[in-house]
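To start, the structure under review is shown below, and the notes come after it.
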Amino acid sequence: MELPTRAVHVFNEPFPTGSWPLSVPLVQSSAFAFDSAAELADAMAGPDGRYVYSRRGNPTVRALEQTLAGLEGGAGAIAFASGMGAVSGVLLALLRPGDRVVAQRCLYGGTHSVLADLAERYGIEVVRISGDDPAELEAAAVHPATRLLVLETIANPTGQVPDLPGLLAVARAAGITSLVDNSLASPVLCRPLGLGADIVVHSTTKYLSGHSDVLGGAAVFADDELRHRVWPRTVELGACADPFAAWLTLRGIPTLPLRMREHCANAVSLAAALSGRAEVRGDVTAVHYPWLAGHPSRENARKALSGGGGLLSFELAGGREAGRAFVERVRVAKLALSLGGVETLVTHPASTSHRELDGAALAAAGIGAGLVRMSVGIEDVDDLWSDVEQALG
């Protein structure tokens with residue numbers, strides 16, 4: 001079945017009577033009772049046995065995991081309490097002191113932070129690459145300690161799209177495990193496992209749930225053995241998904257393809273309008289959206305994505321002061337840190353999500369002092385453009 005059909009018909013288990021609930025039931029129980037100690041002991045053997053304790057597994061959470069594995073084309077998935085829980089859980093499970101990580105230079109600020117923390121506390125070396133040239137990874141892969149490649153399908157907040165097919169092919173040939181954050185593209189626009197990735201992570205808080213009412217994350221695995229390696233660390237860390245959050249995410253997934261279509265249509269329209277303003281007025285100095293003609297990532301985006309996504313960013317001529325003033329002046333859009341919901345949100349990355357980076361690191365990641373990030377919602381696009389124009393004015 002095509003993805004829109006699979007998104008509607010999420011994974012569900014029949015009741016003992018043999019009937020099927022149309023909505024996945026919310027099982028809010030923290031523990032499950034057994035008739036014998038032997039049965040309880042057997043149930044604790046692994047991630048796919050009978051339910052024992054909801055930190056180890058829960059029917060509603062498993063429904064979300066099976067649904068996400070199906071949407072991404074994976075062998076299995078693990079749901080986490082947040083997107084950073086997924087990133088941190090996978091990194092801590094797979095890396096050891098002295099290992100080497102190759103990471104895309106422009107990444108979400110939280111991922112930057114956890115990589116910096118691992119480098120400082122555990123002696124894990126982090127090598128940065130642009131993501132545009134597979135030869136960079138070939139050079140880094142020569143080092144025998146290189147264990148992991150970290151990429152984002154659409155980089156937050158610059159919209160850069162790396163050469164996913166090229167980089168993932170090099171990683172696979174070199175025996176390097178690859179992790180791709182697909183939060184900004186969602187399985188609607190890209191399925192990295194099909195391009196050769198080993199692990200896909202999501203902040204399910206974003207487009208998958210889509211309504212700004214959930215905190216969650218997930219990791220989807222191409223190989224089930226890899227999932228079994230990561231799962232015990234998840235249990236030990238306690239970064240497990242909450243059943244109610246899983247249930248809300250499942251409630252949002254059926255409309256994901258429809259929402260992504262509107263996010264993309266509105267974003268490309270606003271990006272084009274901002275580009276036109278940049279040519280005429282000069283208060284906007286650059287527009288970052290990978291589906292625009294002339295964008296540095298356009299060729300990579302066309303190879304890996306079916307749309308440009310709902311995130312765009314643009315640079316203002318007045319620098320930090322102008323960026324902060326703009327996000328305070330919008331009226332339809334709201335100033336908030338998150339993204340991927342049905343409403344349009346704006347933020348100033350240099351003073352919020354990427355505030356821990358110094359000027360040189362910001363410049364290396366392509367984040368200017370006047371950069372504004374806009375998560376474009378599904379409102380009427382003319383209302384959104386009017387709001388942008390009045391805020392710029």
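The values are calculated or read from the model by the stated rules, or taken from the named source; none is laboratory data. Being a predicted model, the structure only gives us computed values, none of them experimental. When we count neighbours, we look across all protein chains shown, and the Cβ atoms used for this are built from the backbone with ideal geometry, even at glycine. The protein model used for the area step is the full one, side chains on, heavy atoms only, and it has no ligands, DNA or RNA in it. Shrake-Rupley method; radii C 1.70, N 1.55, O 1.52, S 1.80 Å.
Just checking, does segment 141-152 include any residue being small (G, A, S), modelled with pLDDT under 95 and either open to solvent by 10 Å² or more (accessible area, probe 1.4 Å) or under 20 Å from G89 (Cα atoms) (or both)? Don't jump to the end; show me each part of the working.
First, pick out the residues of segment 141-152 that are small (G, A, S): 141, 145.
Next, from what is left, pick out any that are modelled with pLDDT under 95: 141.
In the following step, the residues that additionally are either open to solvent by 10 Å² or more (accessible area, probe 1.4 Å) or under 20 Å from G89 (Cα atoms) (or both) were identified as 141.
Scanning segment 141-152 turns up at least one residue that is small (G, A, S), modelled with pLDDT under 95 and either open to solvent by 10 Å² or more (accessible area, probe 1.4 Å) or under 20 Å from G89 (Cα atoms) (or both).
Would you mention how many residues in segment 286-321 are open to solvent by less than 30 Å² (accessible area, probe 1.4 Å) and either assigned to a helix (DSSP H, G or I) or of a type in the set (V, I, T) (or both)?
Of the residues in segment 286-321, 5 are open to solvent by less than 30 Å² (accessible area, probe 1.4 Å) and either assigned to a helix (DSSP H, G or I) or of a type in the set (V, I, T) (or both).
Quick check, is A360 surrounded by 20 or more Cβ atoms within 10 Å (Cβ to Cβ), closer than 24 Å to L115 by Cβ and of a type outside the set (K, R)?
no
May I ask you to say which residue of L215, L193 is of a type outside the set (D, E, K, R) and surrounded by fewer than 21 Cβ atoms within 10 Å (Cβ to Cβ)? Can you show your working first?
Values: L193 fails: surrounded by fewer than 21 Cβ atoms within 10 Å (Cβ to Cβ).
Of L215, L193, the one residue that is of a type outside the set (D, E, K, R) and surrounded by fewer than 21 Cβ atoms within 10 Å (Cβ to Cβ) is L215.
Exactly one of (1) of a type outside the set (D, E, K, R); (2) farther than 22 Å from A63 by Cα; (3) surrounded by fewer than 19 Cβ atoms within 10 Å (Cβ to Cβ) is unmet by G238. Its number?
Every condition holds for G238 apart from (2).
How many of the residues in segment 40-56 are open to solvent by 70 Å² or more (accessible area, probe 1.4 Å) and not in a loop (DSSP other than H, G, I, E, B)? Explain how you work it out, then say what you get.
Here is the first cut: in segment 40-56, the ones open to solvent by 70 Å² or more (accessible area, probe 1.4 Å) are 42, 44-45, 48, 50, 53, 55.
Subset that is not in a loop (DSSP other than H, G, I, E, B): 42, 53.
Total satisfying the criteria: 2.
Go through the residues of segment 163-179 one by one and say whether even a single one is open to solvent by less than 30 Å² (accessible area, probe 1.4 Å), modelled with pLDDT of 95 or more, within 28 Å of I253 (Cβ to Cβ) and acidic (D, E).
No, the conditions are met nowhere in segment 163-179.
Assigned to a helix (DSSP H, G or I) and open to solvent by 30 Å² or more (accessible area, probe 1.4 Å): which single residue out of R227, R259, R233 fits that description?
Working: R227 fails: open to solvent by 30 Å² or more (accessible area, probe 1.4 Å); R259 fails: open to solvent by 30 Å² or more (accessible area, probe 1.4 Å).
The match here is R233.
For segment 102-161, name all the residues that are in a helix (DSSP H, G or I) and touching a His at 6+ places or on another chain (Cβ under 6 Å). Give the derivation first.
The first filter runs over segment 102-161 and keeps only residues in a helix (DSSP H, G or I), leaving 109-122, 134-141.
Passing the criteria: only G109.
What residue, of D283, D198, is among the acidic types (D, E) and crowded, with 21+ Cβ neighbours inside 10 Å?
Values: D283 fails: crowded, with 21+ Cβ neighbours inside 10 Å.
Result of the check over D283, D198: D198.
Confirm whether S351 is out of contact with any strand residue (DSSP E or B) (no Cβ under 6 Å at 6 or more places or on another chain) and either farther than 18 Å from V188 by Cα or buried (at least 17 other Cβ atoms within 10 Å of the Cβ) (or both). Steps first, answer last, please.
Working: out of contact with any strand residue (DSSP E or B) (no Cβ under 6 Å at 6 or more places or on another chain): yes; either farther than 18 Å from V188 by Cα or buried (at least 17 other Cβ atoms within 10 Å of the Cβ) (or both): yes.
Against the criterion (out of contact with any strand residue (DSSP E or B) (no Cβ under 6 Å at 6 or more places or on another chain) and either farther than 18 Å from V188 by Cα or buried (at least 17 other Cβ atoms within 10 Å of the Cβ) (or both)), S351 qualifies.
Filter segment 71-101 down to the residues that are in a strand (DSSP E or B) and open to solvent by less than 20 Å² (accessible area, probe 1.4 Å) and list them by number. Show your work before the answer.
Kept after step one, since they are in a strand (DSSP E or B), are these residues of segment 71-101: 76-80, 100-101.
Of everything in segment 71-101, those that are in a strand (DSSP E or B) and open to solvent by less than 20 Å² (accessible area, probe 1.4 Å) turn out to be G76, A77, I78, A79, F80, V101.
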